[in-house]
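Trainee: Questions regarding the structure given below will be posed in turn.
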Amino acid sequence: MEHGIHGLCLSKNRLQLSVKEMKELQKGYNIVGLSQGNLIGRGVIEFCDGGPRVKNFISLGGPHAGTASVPLCGTGPWCIIADNLIKSHIYSDYVQAHLAPSGYLKLPNAMSEYLSKCRFLPKLNNELPDERNTTYKQRFTSLQNLVLIMFEHDTVLIPKETAWFGYYPDGAFKPIVPPNQTQLYTEDWIGLRTLDEAGKVKFISVSGNHLGISKRDMKTYVVPYLEGKKSDTIPTSTTFQWN
């Protein structure tokens, strides 16, 4: 990921050009994102200029607010050692250029380094005070629906609430700040509050580990948006409550 995932659209690479050139997308299209693919999907929406409109964005287990652990091979001792070694250099130029997850690894106890060195997520989430781009917000709020699916037993995203834009407070690993209490939401950096107040954000909680969605939940929470059904006819999770 040389120059960060942010180079996805700024360098007018193949993905941006493909989206613009596909005739079947010109009247608008939907995005279904899986894990870190959600950040690429959001990059297409926020960074790309002149592309066809994205109607519905359905996110399954996306690290939207970052993750506090590098998604590697698991929880075994060697993975833990590797995780710690990578974390110690995660914001170095070399790691940022060669390890995709480094672009969205957000360590609450290293916020200064994250904001100054992390090449992708601070831009995507409009977190840099001197570089906030209202165009990103305008593009993101053009969505008809934003469907955020969190997996209740997710052991890959730390914390799992990042799938809803919830995260840790700066400087600490607890408690988890609910999405509507984060600065990104309250100050509306990317338009999440605007979308939510318009009733366009669906916070869905499903059982299972990372991306382990059942066929039943897929048919209930994903397929209807792809079929063009009205959002007020689609069920939403009943387990979600703001703290």
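The values are calculated or read from the model by the stated rules, or taken from the named source; none is laboratory data. Small disclaimer: the values here were computed from a predicted structure and weren't measured. Quick reminder, even Gly has a Cβ in these numbers, built from the backbone with ideal geometry, and neighbours come from all protein chains shown.
Trainee: State yes or no: is Tyr185 touching a helix residue (DSSP H, G or I) at 6+ places or on another chain (Cβ under 7 Å), more than 30 Å from Lys229 (Cβ to Cβ) and modelled with pLDDT of 95 or more?
Mentor: No.
Trainee: Only one of these is of a type in the set (D, E, K, R), closer than 25 Å to Ala110 by Cβ, modelled with pLDDT under 90 and outside any strand (DSSP E or B): Glu24, Glu2, Glu46. Name it. Give the steps one after another, and end with the answer.
Mentor: Working: Glu24 fails: closer than 25 Å to Ala110 by Cβ; Glu46 fails: modelled with pLDDT under 90.
After applying the criteria, what remains is Glu2.
Trainee: Restricting to the stretch 165-193, name every residue that is among the aromatic types (Phe, Trp, Tyr) and within 19 Å of Asp130 (Cβ to Cβ).
Mentor: Just the residues of the stretch 165-193 that are among the aromatic types (Phe, Trp, Tyr), to begin with: 165, 167-168, 173, 185, 189.
Matches in the stretch 165-193: Trp189 only.
Trainee: Name the pairs: first residue in the stretch 83-100 and farther than 14 Å from Lys117 by Cα, second residue in a helix (DSSP H, G or I), Cβ to Cβ under 8 Å, at least 6 apart or on different chains?
Mentor: Close Cβ pairs (under 8 Å, with a partner that is in a helix (DSSP H, G or I)) amount to Ile86/Val95; Ile86/Ser102.
Trainee: Oh, and also: Restricting attention to the stretch 148-170, does a residue exist that is more than 30 Å from Arg216 (Cα to Cα), surrounded by fewer than 22 Cβ atoms within 10 Å (Cβ to Cβ) and at pLDDT 95 or above? Walk me through it before giving the result.
Mentor: Keep residues of the stretch 148-170 that are more than 30 Å from Arg216 (Cα to Cα), which gives 168-170.
When the remaining residues are screened for being surrounded by fewer than 22 Cβ atoms within 10 Å (Cβ to Cβ), the result is 169-170.
Checking which are at pLDDT 95 or above leaves us with 169-170.
Checked the stretch 148-170: at least one residue is more than 30 Å from Arg216 (Cα to Cα), surrounded by fewer than 22 Cβ atoms within 10 Å (Cβ to Cβ) and at pLDDT 95 or above.
Trainee: When only residues in the stretch 200-243 that are small (Gly, Ala, Ser) and at pLDDT 95 or above count, which is nearest to Val177 (Cα to Cα)?
Mentor: The initial filter retains those residues of the stretch 200-243 that are small (Gly, Ala, Ser), namely 205, 207-208, 212, 214, 228, 231, 237.
Keeping just the survivors that are at pLDDT 95 or above gives 205, 207-208, 212, 214.
On the way: Ser205: 17, Ser207: 21, Gly208: 22, Gly212: 24, Ser214: 28 Å.
The selected residue is Ser205.
Trainee: Something else: Scan the stretch 84-125 for residues that are among the polar types (S, T, N, Q), at pLDDT 90 or above and within 13 Å of Gly66 (Cα to Cα) and report the count. Spell out the reasoning first.
Mentor: Quick first cut of the stretch 84-125, residues among the polar types (S, T, N, Q) only: 84, 88, 92, 96, 102, 109, 112, 116, 125.
In the following step, the residues that additionally are at pLDDT 90 or above were identified as 92, 109, 112, 116, 125.
So of that shortlist, the ones also within 13 Å of Gly66 (Cα to Cα) come out as 125.
Of the residues in the stretch 84-125, 1 are among the polar types (S, T, N, Q), at pLDDT 90 or above and within 13 Å of Gly66 (Cα to Cα).
Trainee: With the requirement that a residue be surrounded by fewer than 21 Cβ atoms within 10 Å (Cβ to Cβ) and either touching a Gly at 6+ places or on another chain (Cβ under 6 Å) or not in a helix (DSSP H, G or I) (or both), what does the stretch 112-126 give you?
Mentor: Arg119
Trainee: Could you say which residue among Gly103, Gly43, Gly66, Gly50 is out of contact with any strand residue (DSSP E or B) (no Cβ under 6 Å at 6 or more places or on another chain), surrounded by 22 or more Cβ atoms within 10 Å (Cβ to Cβ), farther than 20 Å from Val147 by Cα and of a type outside the set (Ser, Thr, Tyr)?
Mentor: Working: Gly43 fails: farther than 20 Å from Val147 by Cα; Gly66 fails: farther than 20 Å from Val147 by Cα; Gly50 fails: surrounded by 22 or more Cβ atoms within 10 Å (Cβ to Cβ).
That would be Gly103, the only listed residue that is out of contact with any strand residue (DSSP E or B) (no Cβ under 6 Å at 6 or more places or on another chain), surrounded by 22 or more Cβ atoms within 10 Å (Cβ to Cβ), farther than 20 Å from Val147 by Cα and of a type outside the set (Ser, Thr, Tyr).
Trainee: Here's something else I'd like to know. Given Ile190, Ile204, which one is assigned to a loop (DSSP other than H, G, I, E, B), in contact with a helix residue (DSSP H, G or I) (Cβ under 8 Å, 6 or more places away or on another chain) and either crowded, with 17+ Cβ neighbours inside 10 Å or touching a residue at least 12 places away in the same chain (Cβ under 8 Å) (or both)?
Mentor: On the way: Ile204 fails: assigned to a loop (DSSP other than H, G, I, E, B).
One residue alone meets the criteria, Ile190.
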